[in-house]
1. For a quick protection proxy, order the peptides 208-217, 352-361 by their average other-Cβ count within 10 Å, most packed first.
2. Need the list of lysines near LYS409 for cross-linking: C-alpha distance under 26 angstrom, and skip anything on the same chain fewer than eight residues off.
3. Extending each Cα 7 Å along its Cβ direction at GLU318 and PHE233, get the distance between those two points in nm, one decimal.
4. Can you list residues whose amide H is under 5 Å from SER359's amide H, if they're 5+ apart or on another chain and H is modeled 1.01 Å from N?
5. Please list log₁₀ I(q)/I(0) at q = 0.11 Å⁻¹ for the stretch 267-387, using the Debye equation with identical point scatterers on the alpha-carbon positions.
6. Using Cα positions and a limit of under 13 Å, work out the aspartates and glutamates in reach of LYS255, with same-chain residues fewer than 8 apart set aside.
7. Could I have the simple spin-label model distance between ASP216 and THR258, label points 7 Å from Cα toward Cβ, reported in nm to one decimal?
8. Give me the Å³ per residue figure for the convex hull around the C-alpha atoms of the stretch 72-180.
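Nothing in this text is a laboratory measurement; each read-out follows from the coordinates by a stated rule. Everything numeric here is computed off the predicted structure, so don't read it as measured data. Methodologically, a virtual Cβ is constructed for each residue, glycine included, from the backbone with ideal geometry; neighbour enumeration extends over all protein chains shown.
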Amino acid sequence: MADGPQTPASRASATLSPGLWYRWSRVAMVGLLLMLQLYFVASHRNVHVPQPSASPPLRHKHSPQAAIKPLIDEFLDENSPLRHLFFPDIKSAIHPANGSHYYRPGHIWLDTQGNPIQAHGGGVLYDETSHTYYWYGEYRQVGVIGVGCYSSKDLWTWQNQGIVLSAQQINNETHKSNMLERPKVIYNDKTGKYVMWMHVDDVHYRKAAVGIAISDRPTGPFQYLGSRRPHGFDSRDMTIFKDDNGVAYIIYSSKMNTELHIGPLNEDYLDVQPNMRRILVGQRREAPAVFKYQGTYYMITSACTGWAPNEAKVDAAESIMGPWETIGDPCIGGKEMFRLTTFLSQSTFVLPLLGLPGSYIFMADRWNPAELNDSRYVWLPLAISGRSLESNSSGSQSPWPRVSIHWHKKWRLPLSWRL
């Protein structure tokens, strides 16, 4: 190439090594975008379940895909200089001692003893007997693998109830040398048992099964009953959903994550019934989170990209067994590249808010693959209202209401909402 006048960029590249130049350019671009997104996005202090009149952001003509890849690269790089933006340190932790009741998505969340909450990939059970919420999830502190349980009256102040399903002997599937993921608990009104389902696997993800455990109390201990492949198929990311009539269902990623399967459980919730439906075939979705509003079933899922965050999708159905129809991306607020990564998180559960019909908390995990025990929680308000602006497969406007997950850097439930 002929010599010519040097631009500022070419002069910089002449003085920096290729490796440093590449990192400098990545940091400059992604850093600017993240600073704008994470620190200058407006937050509504009085939140904050969004009002039905909330509108989605206008779509931009440019594609954000070029910005997403460097964003993901920095997110997955444990040595990234931007790491403190993805995983803020403990100085900004959510601490129950301050009594503010503000959620701060992506920040460390402390329990009543001042320790980081360990309930990853989890779900919340509301126990009508004790009028208490129980949050179950993967307990990933160093040296201990099991299911942790936390209790709360207000969904913000959480007391550690200990490990309710602990690591067992080396030949047990729940031992820390194996995988235990996405535990969910429901209560069986007929048997009086609390029933836990979870994904159990080996370190190579070849077992691909579900595990079942039961307890007489929400705080355990849970007795592990064993594992199986539901309907004879491989099962990885999964969830369970208890309908209004007491019938419970399992939804799981199967056939190497190329489709989801859904089917009812037995009356005692300890096994599956033989009937099963294949849904979202060929779409490669995982991390299902199911909820219901006014007779319609909704399901939020993620794409299959390992620990890297990706775009959420929401589907709707008149019957939980299908057919299911895609509504679109539910995420609202912030820059488009942030929405297209589900705010750097992955769905795990949708929690209905008692006394506020159509209002929910979207629960997600911001996975930290370098330190899974330091993965963070992204809890955001979810609302159902109006009509979806997405088009269905025929090109006409979708008949389904709009599902909206609203980004807030800092938010809290209405002050009037208390048990």
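1. Answer by packing, highest mean first, reads 208-217, 352-361.
2. LYS61, LYS69, LYS91, LYS153, LYS313, LYS335
3. Inter-label distance under the simple model: 2.4 nm.
4. Those lying under 5 Å, H to H, from SER359 are LEU353.
5. -0.41
6. Output for LYS255: ASP234, ASP237, GLU286.
7. The answer from the label model is 4.7 nm.
8. 134 Å³
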